[in-house]
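Asker: There's a structure below that I have some questions on.
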Amino acid sequence: MEEQDFAAHLTATMTGSALTMLIGVGHRTGLFEAAAQGPATSAGLAERAGLHERYVREWLGAMVTGGIFTHDAGEYTFPPEHAKFLLGETASNLMPSLLTLSAFTGILPDLERAFAEGGGVPRSAYGPYLETLGAKTGDSWKHIYREHLVDGFFGAVPGLNERLTAGARVLDLGCGTGNAIAVAARAFPASRFTGLDINPGVVEQARELTHDLPNAEFAVGDAAELAADPPYDVITAFDAVHDQDRPDVVLRRVREALAGDGLFFMVDTNFSSDVAKNVGNPLAALCYSISLMYCTTTSLAEGGAALGAMWGTEKAREMLANAGFRHVEVLESPRPQNCVYACRP
Ligand SMILES: C[S@@+](CC[C@H](N)C(=O)[O-])C[C@H]1O[C@@H](n2cnc3c(N)ncnc32)[C@H](O)[C@@H]1O
């Protein structure tokens, strides 16, 4: 990159960080909701949102010049085609991810200490920052499951939806707040779904979310201690393997807990294990950053393997083979940053 281009690149990077922070401000103050009601002057929008005009005007300046709002004859507009990425109960809404990213700034001093002293930042350290900035665990994936789980993710594996329709025993490993099971258990009433997660707090939320679904149940437990019996027809893991402290053990347990004709359905990140092959991938720097600020350090805090979110398809294939999966297909998912591994013994 030419010197001038690099300077412009860094300035754009800085602008992106600043706008990410102000987008969070807009979320928490209700400015986006208010602006979505229609064009307004800064005074009109401030009144609508019950805020001080001087602050709102400066925020609007950043939104307009940052390409998020438009401005004409003193009125500010939040175009609906932009609003759908920052508001609403859909998978297009990037707000949960933007808020989570901002919250990571809270743990940076601990992370930097770990760079020097080793160890890592424990998962429990993130809670207060996520809460303060309004990021809710599981929100990023909630709408993605609703819109894409059945046709997009499960649909990537020929025959899977038919098997679930007929009735299968399914385990969701690292189920989090139960968003995937909430969708799947409704879509496939003849199948029985068990969610397993090591975090009692998220399991409690999962139980609440699915209280009206008789074919969904949850357990608190360590996937590294998963029992082989009774066997499951399908084991799913959504974004839950690379974070494991002992991923090699977990994958072996998964293999042992599958029926002979069982399927391990793993959704994980879609990158290469080789950094050189990720150069030019527009999502790679973001995912390496998230991996460093969460996945890698939380695993190191537990003395774990610290695979990180960028472990890559080559490493994943190697580990799946070592765990005893002889047939592994890597399939496209509805999201470019994820792929589906269809793994069979
Ligand atoms: C990134 S979250 C994904 C959650 C969920 N699958 C989703 O898509 O929303 C990873 C989950 O794995 C869980 N987890 C991590 N290590 C685990 C272990 N050893 N056994 C069971 N669950 C574990 C975490 O508590 C967390 O809920």
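The values are calculated or read from the model by the stated rules, or taken from the named source; none is laboratory data. The shown structure was predicted, so the numbers you read here are calculated from the model rather than taken from an experiment. As a convention, Cβ positions derive from the backbone with ideal geometry for all residues, glycine included, and neighbour counts pool all protein chains shown. With ligands, DNA and RNA removed, areas are computed over all heavy atoms of the protein, side chains included. Shrake-Rupley method; radii C 1.70, N 1.55, O 1.52, S 1.80 Å.
Asker: Send over a whole-number figure in Å² for the accessible area per residue of the range 139-344, probe 1.4 Å. All intermediate terms of the calculation are to be shown ahead of the outcome.
Answerer: Values: 8800 Å² over 206 residues.
Here the residues of the range 139-344 average 43 Å² of exposed surface.
Asker: Leaving out ligands, DNA and RNA but keeping every protein chain, what accessible area does His327 have, in Å² rounded to the nearest 10, with a 1.4 Å probe?
Answerer: 110 Å²
Asker: Right, another one. Run the reach check for Lys136 against aspartates and glutamates, Cα to Cα strictly under 14 Å, same-chain hits fewer than 8 apart removed. What comes back?
Answerer: Glu89
Asker: If you don't mind, another one. So, in nm, how far is label Glu208 from label Arg113 when the simple model puts each one 7 Å beyond its Cα toward the Cβ?
Answerer: 3.1 nm
Asker: Let's see if you can work this out: charge +1 on each Lys and Arg Cβ, -1 on each Asp and Glu Cβ, no other charges. What is the dipole magnitude of the chain about its Cα centre, in debye to the nearest 20? The partial results should precede the final answer.
Answerer: Values: 25 positive and 42 negative charges, 83 e Å.
That gives the chain a dipole magnitude of about 400 debye.
Asker: Based on the Cβ-Cβ distance of Glu217 and Asn161, what FRET efficiency does E = 1/(1 + (r/R0)^6) give at R0 = 30 Å, to the nearest 0.05?
Answerer: Numbers: r = 22 Å, r/R0 = 0.72.
Working from the Cβ atoms, E equals 0.90.
Asker: Most fluctuating residue of Asn322, Asn161, Asn281 in a GNM of the chain with Cα springs under 10 Å: which is it?
Answerer: Result: Asn281 has the largest fluctuation of those listed.
Asker: Averaged per residue, what accessible surface does the range 3-83 expose to a 1.4 Å probe, in Å²?
Answerer: Values: 4760 Å² over 81 residues.
That works out to 59 Å² for each residue.
Asker: For the range 139-344, what class follows from the C-alpha gyration tensor (a ≥ b ≥ c being the square roots of its eigenvalues): rounded when a/c is under 1.5, otherwise prolate if a/b is larger than b/c, else oblate? Walk me through the intermediate numbers first.
Answerer: On the way: a/c = 1.40, a/b = 1.36, b/c = 1.03.
Rounded shape, in that the Cα axes give a/c under 1.5.
Asker: Lys and Arg at +1, Asp and Glu at -1: add these up for the other residues within a Cβ distance under 15 Å of Ala35 and post the number.
Answerer: It works out to a net charge of -3.
Asker: Can you check what the net charge comes to around Val250, using other residues whose Cβ is under 12 Å from the Cβ of Val250 (Lys, Arg +1; Asp, Glu -1)?
Answerer: Working: positive: Arg246, Arg252, Arg253, Arg255; negative: Asp222, Glu225, Asp243, Asp245, Asp248, Glu256.
Value of the local net charge: -2.
Asker: Could you calculate the contour length gain from Thr90 to Ser124, that is, 0.36 nm times the residue separation minus the distance between their Cα atoms, to one decimal place in nm?
Answerer: Values: separation 34, 0.36 × 34 = 12.24 nm, distance 2.82 nm.
In short, 9.4 nm is gained.
Asker: Of Leu98, Leu213, Thr132, whose Cα points farthest to the positive end of the dipole of the chain (charges on the beta-carbon: +1 Lys, Arg; -1 Asp, Glu; origin at the Cα centre)?
Answerer: Leu213
Asker: Just tell me which lysines come within less than 25 Å, Cα to Cα, of Lys277; anything on the same chain fewer than 8 places away is out.
Answerer: Lys315
Asker: Evaluate the distance, in nm, between pseudo-label points positioned 7 Å from the Cα of Glu147 and of Ala187 along their respective Cα→Cβ axes.
Answerer: 1.4 nm
Asker: A further question follows. Roughly speaking, to the nearest percent, how much of the range 139-344's 1.4 Å accessible area is carbon and sulfur?
Answerer: Details: 4530 of 8800 Å².
Here it works out to 51 percent.
Asker: Could you name the lysines in cross-link range of Lys142, using Cα to Cα under 16 Å and dropping any fewer than eight places away on the same chain?
Answerer: Straight-line reach from Lys142, under 16 Å: Lys84.
Asker: Taking a ≥ b ≥ c as the square roots of the Cα gyration tensor eigenvalues, with a/c under 1.5 meaning rounded and otherwise prolate when a/b beats b/c, else oblate, which class fits the chain? Please list the in-between numbers first.
Answerer: Working: a/c = 2.01, a/b = 1.58, b/c = 1.27.
Prolate shape, in that a/c is at least 1.5 and a/b is the bigger ratio.
Asker: If you don't mind, there's one more thing I want to ask. Anyone know which of Ala309, Ala190, Ala12 comes out most mobile in the 10 Å Cα GNM of the chain?
Answerer: Ala12
Asker: To continue, here is another question. Using Cα springs under 10 Å in a Gaussian network model of the chain, which residue among His143, His71, His242 shows the largest mean-square fluctuation?
Answerer: Taking springs between Cα atoms under 10 Å, the residue moving most is His71.
Asker: In the neighborhood of Trp59, defined by Cβ-to-Cβ distances under 12 Å, what is the net charge if each Lys or Arg adds +1 and each Asp or Glu adds -1? All intermediate terms of the calculation are to be shown ahead of the outcome.
Answerer: On the way: positive: Arg28, Arg54, Arg57; negative: Glu53, Glu58.
That works out to +1.
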